[in-house]
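The values are calculated or read from the model by the stated rules, or taken from the named source; none is laboratory data. Small disclaimer: the values here were computed from a predicted structure and weren't measured. Note: ideal-geometry Cβ built from the backbone for every residue, glycine included; neighbour counts use all protein chains shown.
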Amino acid sequence: MTNLPHAPLLTVDTHIDIPWPDRGDFTQDTDYRHVDLPKLRRGGIAAACLVAYVGQGATDPTGHAAISRQALAMLDAINRGVDGGPARICPLAADIESAFHEGITAIVPAVENGYAMGEDLSLLAQFRARGARYMTLTHNGHNALADSARPMASLSDPESRHGGLSGLGREAIAEMNRLGLMVDISHTARSTMMQAVRLSRSPVLATHSCVRALCDHPRNLDDEQLDALRDCDGVIHITAVDAFLRPREVRAQRPVSVADYVDHIDYVANRIGVRHVGISSDFDGGGMIEGWRDAAQSPALTAELQRRGYDHDQIAQIWGGNFLRVLRAAETVATA
């Protein structure tokens, strides 16, 4: 990894899905995963947030019980998956930094979709006990916690169910703050996001989102939302999903590229500052663009940032420093 353009940097990819059912092959060099341990190491990725993603289903006791079991099983699989390779679970910022200095890949578990906890706040502590460091409040479709940016007709979702956060959602954010679980507002409705920013005692994250001014998609954040992230000292991590990076008419003409991706970083840096932007791939969950098709190609982003004039300290912030700052803030709030 020493010949990579970002080898001296503590690089963090903040959102990577895991295949499910688990195949037990994370430490192997596979031909079907965008991310496995060998690809992370070839690409110089120091830390990877591996996500237990659960799709939205029925918000009833049966649905909640089944999906909670799945989420816990997925977190257990993430913990088992590091066995046999130069990687370890790193739930704290200091753990990530120690692993980096030892040449070990840091794995940070996370949960995508608050549906995973159903209506049981005690599950948040169980997620945290398995190393999870953030939870995305929603996915596609409203859940018991909050409204989603993309209501699902297949679930008979109205445009809004809670007007943003539900009462349970507000309690969940308070409990997440207490536990040191960062609040991820990717996928949430605008109302949910703006309420979460005001309510959370620690900075919030968008772990895999893009800029609405550059691509008008409901999953992306508008300028007012970006300003709100700045004001709470949060971070938006740009994601490599082509539909969020460029509108359909552009994608019909050419592939979305690393240059398009860095355009979104530029926009955020110019509007709210380098302190508030980071990097995520959403590999194995829909992310993949020309020039960054798997984790091994991650140096292409650093090269493009360098080409545009970002200096070493700025690239260090974008590639991981900003995420670690928010993680430390969550740890501080949890111990207060």
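Within segment 47-76, which residues are assigned to a helix (DSSP H, G or I) and either closer than 30 Å to Q317 by Cβ or polar (S, T, N, Q) (or both)? First the steps, then the outcome.
The initial filter retains those residues of segment 47-76 that are assigned to a helix (DSSP H, G or I), namely 61-76.
Within segment 47-76, T62, S68, Q70, L75 qualify.
Scanning segment 187-233 for residues that are out of contact with any helix residue (DSSP H, G or I) (no Cβ under 9 Å at 6 or more places or on another chain) and not in a helix (DSSP H, G or I) yields H187, A189, D216.
Pairs linking a residue in segment 18-35 that is closer than 19 Å to A110 by Cα to a residue that is at pLDDT 95 or above and among the aromatic types (F, W, Y), with Cβ atoms under 9 Å and 6 or more positions apart or on different chains, are I18/F26; I18/Y53; W20/Y53; R33/F26; R33/F283; H34/F283; V35/F26; V35/F283.
Screening G309 on (1) free of Cβ contacts under 8 Å to residues at least 60 places away in the same chain; (2) at negative phi shows it passes everything except condition (2).
Of everything in segment 77-115 that is part of a helix (DSSP H, G or I) and either free of Cβ contacts under 8 Å to residues at least 40 places away in the same chain or touching a His at 6+ places or on another chain (Cβ under 9 Å) (or both), the residue that is surrounded by the most Cβ atoms within 10 Å (Cβ to Cβ) is G114.
The numbered conditions (1) out of contact with any helix residue (DSSP H, G or I) (no Cβ under 8 Å at 6 or more places or on another chain); (2) among the aromatic types (F, W, Y); (3) in contact (Cβ under 8 Å) with a residue 60 or more places away in the chain are all true for F283 except (1).
Would you tally the residues in segment 1-33 being crowded, with 24+ Cβ neighbours inside 10 Å and in contact with a Phe, Trp or Tyr (Cβ under 9 Å, 6 or more places away or on another chain)? I'd like the intermediate steps shown before the answer.
Residues of segment 1-33 crowded, with 24+ Cβ neighbours inside 10 Å: 6, 11-16, 26.
Subsequent filtering for residues that are in contact with a Phe, Trp or Tyr (Cβ under 9 Å, 6 or more places away or on another chain) retains 6, 11-16.
Counting residues in segment 1-33 that are crowded, with 24+ Cβ neighbours inside 10 Å and in contact with a Phe, Trp or Tyr (Cβ under 9 Å, 6 or more places away or on another chain) gives 7.
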